[in-house]
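Some notes on the structure that comes next.
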Amino acid sequence: MTKQRKNYIIVSWILVAVCMGIIFSLSAQEASDSEALSGSFIRMIFQLLGLEFQQGVIRTIAHCLEFMGLSFLMFNAIYATWEKKITPLFAFAGTVLYAITDEIHQIFVPDRAFQLSDILVDSTGALIGVMASLIILKIILTIKERGNKNGSVKTI
């Protein structure tokens, strides 16, 4: 394994950990603080887009996007590190497991609670992230394969 490859794997896992840390810190906020933070951010985005503000729907989408991003990063790290066949399953399972631990964590945060519906939304985000990762991977591998046939693309 090259030094460049080792560094890529390390950075990939660091990004997974950073994403998990961000999710953890957002989940550690009391309900009122969380709503104020996401509410002001969402209000600003909606005003820029000229859309009507519906916080419940947008908070659900934000939950989905958080875990979609985590599964995308986890897919990349697992693909770079281990056997390729296990990547989709492990990326999805790892993200869902983190979603469950995130909800358990919220039991201990004032005015927050364990919500099965959040796990379902997070799992949907994880599934979308894994599917997007598979599509992107297929595109990248197709481009590399075509490039290798022409002798113009080098692989890592």
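The values are calculated or read from the model by the stated rules, or taken from the named source; none is laboratory data. Everything numeric in this text was worked out from a predicted model, so none of it was measured. Reconstructed Cβ throughout: ideal geometry from the backbone, glycine too, with neighbour counts over all protein chains shown. Accessible surface areas use protein heavy atoms only, side chains included; no ligands, DNA or RNA. Shrake-Rupley method; radii C 1.70, N 1.55, O 1.52, S 1.80 Å.
Evaluate the following for I10: is it modelled with pLDDT of 90 or more, assigned to a helix (DSSP H, G or I) and open to solvent by 90 Å² or more (accessible area, probe 1.4 Å)?
Answer is yes for this residue.
Filter the stretch 125-156 down to the residues that are open to solvent by less than 70 Å² (accessible area, probe 1.4 Å) and over 17 Å from A77 (Cα atoms), then identify the one that is modelled with the highest pLDDT.
Among residues in the stretch 125-156 that are open to solvent by less than 70 Å² (accessible area, probe 1.4 Å) and over 17 Å from A77 (Cα atoms), the one modelled with the highest pLDDT is G125.
Please determine, by comparing only the residues of the stretch 39-56 that are modelled with pLDDT under 75 and among the hydrophobic types (A, V, I, L, M, F, W, C), which one is least open to solvent (accessible area, probe 1.4 Å).
Kept after step one, since they are modelled with pLDDT under 75, are these residues of the stretch 39-56: 39-47, 51-56.
Among the residues that remain, those that are also among the hydrophobic types (A, V, I, L, M, F, W, C) are: 41-42, 44-46, 51, 53.
Working: F41: 115, I42: 11, M44: 98, I45: 59, F46: 28, L51: 99, F53: 68 Å².
Of everything passing the filter in the stretch 39-56, I42 is least open to solvent (accessible area, probe 1.4 Å).
Within the stretch 71-81, is there a residue that is open to solvent by 90 Å² or more (accessible area, probe 1.4 Å) and out of contact with any Lys or Arg (no Cβ under 9 Å at 6 or more places or on another chain)? Even if it seems obvious, please write down each step before you answer.
Taking the stretch 71-81 as the starting set, the residues that turn out to be open to solvent by 90 Å² or more (accessible area, probe 1.4 Å) are none.
No - not one qualifying residue is present in the stretch 71-81.
If F92 passes every condition in (1) in contact with an Asp or Glu (Cβ under 8 Å, 6 or more places away or on another chain); (2) modelled with pLDDT of 95 or more but one, which one does it miss?
(1)
Among (1) more than 16 Å from A132 (Cβ to Cβ); (2) modelled with pLDDT of 80 or more, which single condition is D33 missing?
If we test D33 against (1) more than 16 Å from A132 (Cβ to Cβ); (2) modelled with pLDDT of 80 or more, just (2) comes out false.
Criterion first (farther than 26 Å from K138 by Cβ and open to solvent by 50 Å² or more (accessible area, probe 1.4 Å)) does I107 satisfy it? Explain how you work it out, then say what you get.
Values: farther than 26 Å from K138 by Cβ: yes; open to solvent by 50 Å² or more (accessible area, probe 1.4 Å): yes.
So I107 fits the description; yes.
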